[in-house]
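A short worksheet on the structure shown next.
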Amino acid sequence: MSRTGTVTRGAKMIIKQAYSVYRLALWLQVCVVSVLSVGCSTAVQYQPNEGIIDTLAWIPTLGKRLNTMTV
């Protein structure tokens, strides 16, 4: 086996690894840009559900707790 054949295979391996690192870095950049471009989600205004007290009032202790929390 000649030495140039071994160097050529080694060089091919290095190029292949460098290309893999390049693709990974490019993929990470695309992911970061896509996450940053979305931005923050909008806040949703809290709206208490008045009917839940009536729905869950059939459990005596739960009904008492809910009434004390809303008063």
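Derivation of every value follows stated rules applied to the coordinates shown; laboratory data play no part. None of the values given here were measured: they were computed from a predicted structure. Positions of Cβ are backbone-derived with ideal geometry, glycine not excepted, and every protein chain shown enters the neighbour counts.
Note on residue 65 and residue 44: the model spin-label points, each 7 Å out from Cα along the C-beta direction, lie 2.3 nm apart. Footprinting exposure proxy ranking of 31, 40, fewest other C-beta atoms within 10 angstrom first, gives 40, 31. You can think of it this way: the chain between residue 55 and residue 34 has 3.2 nm of extra reach, that is 0.36 nm per residue less the Cα-Cα gap. For the stretch 26-42, putting each phi into the Karplus relation 6.51 cos²θ - 1.76 cosθ + 1.60 with θ = phi - 60° gives couplings of 5, 5, 5, 5, 5, 5, 5, 5, 5, 5, 6, 6, 5, x, 7, 6, 6 Hz, in residue order, rounded to whole numbers and with x for Gly and Pro.
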